[in-house]
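J.: Structure in structure tokens, see below.
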Amino acid sequence: MAIVIPSLPYAEDALAPHISATTLEFHYGKHHNAYVVNINKLIEGTDLASEDLESIINKTAGDDSKTAIFNNAAQVWNHSFYWQCMKPNGGGLPTGDVAEKIDAAFGSYEKFIEQIKTAGTVQFGSGWAWLVLKDEQLQVMKTSNADTPIAHGLKPLLTVDVWEHAYYLDYQNRRPDYLSAFVENLINWDFVNSCLGTSGRK
């Protein structure tokens, strides 16, 4: 089965001014789409052609002979997840079960925000900052390039893309400003809660 690019869950201009329509036009329409085209070419005629993205990622992780397949599959998955982590008029304080889990794991929302912004800022070069669930405990982590928590047996709940193409047209080299805009104005806490298997409301 062919890997397809999912539709954005909002219009390309819906996240402005924090992420512009121009950025989404290039990021989603060019970068994300290119990964989809590449992975379909790479798996065509192989035993991976009938697998879903997560299976492809897990079957190729750590295999140097399949690095290109892993990188493109993981980037398709990471981007598809990233779009859902944002919504217009998002951000701010979390609600539902994730709010309690954040307080339990980090001590406060403010300490969590400090950790995820730091992870995104100090990630050298391209990569991702994540909130993940490990052994029922929330953790912040960062991955480089196309690496993804699902290749390490972890459950992603939230991610922010810190590849330059995610923010450079809007923020140039000011990655911390992009991260601040993401956490203050864009995080879709309902989606994060859905990843926990909760409604997001109590």
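The values are calculated or read from the model by the stated rules, or taken from the named source; none is laboratory data. Treat the numbers as computed from the prediction; the structure is a model and nothing was measured. Don't worry about glycine lacking a Cβ; one is built from the backbone with ideal geometry, like all the others, and counts go over all protein chains shown.
J.: Taking the condition under 17 Å from N72 (Cβ atoms) and loosely packed, with under 15 Cβ neighbours inside 10 Å, does T46 pass?
T.: Against the criterion (under 17 Å from N72 (Cβ atoms) and loosely packed, with under 15 Cβ neighbours inside 10 Å), T46 qualifies.
J.: Then there's this: Please go through the stretch 63-98 and give me each residue that is buried (at least 16 other Cβ atoms within 10 Å of the Cβ) and free of Cβ contacts under 8 Å to residues at least 40 places away in the same chain, ordered by number.
T.: Of everything in the stretch 63-98, those that are buried (at least 16 other Cβ atoms within 10 Å of the Cβ) and free of Cβ contacts under 8 Å to residues at least 40 places away in the same chain turn out to be K66, I69.
J.: Follow-up. Hey, does the stretch 123-137 have a residue that's farther than 24 Å from N58 by Cβ and surrounded by fewer than 16 Cβ atoms within 10 Å (Cβ to Cβ)?
T.: For the stretch 123-137, residues farther than 24 Å from N58 by Cβ and surrounded by fewer than 16 Cβ atoms within 10 Å (Cβ to Cβ): present.
J.: Follow-up. Answer yes or no: is there a residue in the stretch 22-30 that is charged (D, E, K, R) and not in a helix (DSSP H, G or I).
T.: No; the residues of the stretch 22-30 include none that is charged (D, E, K, R) and not in a helix (DSSP H, G or I).
J.: Does the stretch 27-34 contain at least one residue that is among the aromatic types (F, W, Y) and either in contact (Cβ under 8 Å) with a residue 60 or more places away in the chain or out of contact with any Asp or Glu (no Cβ under 9 Å at 6 or more places or on another chain) (or both)?
T.: No, the stretch 27-34 contains no residue that is among the aromatic types (F, W, Y) and either in contact (Cβ under 8 Å) with a residue 60 or more places away in the chain or out of contact with any Asp or Glu (no Cβ under 9 Å at 6 or more places or on another chain) (or both).
J.: Still on this structure, I have one more. So V160 passes all but one of these: (1) assigned to a helix (DSSP H, G or I); (2) in contact with a Phe, Trp or Tyr (Cβ under 8 Å, 6 or more places away or on another chain). Which condition number does it fail?
T.: Condition (1) is where V160 drops out.
J.: I'd like to know if the stretch 51-61 contains one or more residues that are surrounded by fewer than 14 Cβ atoms within 10 Å (Cβ to Cβ), more than 18 Å from Q75 (Cα to Cα) and over 17 Å from the mean Cα position of the chain (by Cα).
T.: no
J.: Looking only at the stretch 157-171, which residues are touching a residue at least 24 places away in the same chain (Cβ under 8 Å) and touching a helix residue (DSSP H, G or I) at 6+ places or on another chain (Cβ under 7 Å)?
T.: Across the stretch 157-171, the qualifying residues are L157, L158, T159, V160, D161, V162, H165, A166, Y167, L169, D170.
J.: Looking only at the stretch 142-156, which residues are without any contact (Cβ under 8 Å) to a residue 40 or more places away in the chain and surrounded by 19 or more Cβ atoms within 10 Å (Cβ to Cβ)?
T.: Hits for the stretch 142-156 are K142, T143, P149.
J.: Being out of contact with any Ser or Thr (no Cβ under 7 Å at 6 or more places or on another chain) and either in a helix (DSSP H, G or I) or not assigned by TED's automatic domain parsing to the domain that holds H32 (or both) is the requirement here; does L169 meet it?
T.: So L169 does not fit the description; no.
J.: Consider the stretch 180-198. How many of its residues are touching a strand residue (DSSP E or B) at 6+ places or on another chain (Cβ under 6 Å) and within 17 Å of L154 (Cα to Cα)?
T.: 2
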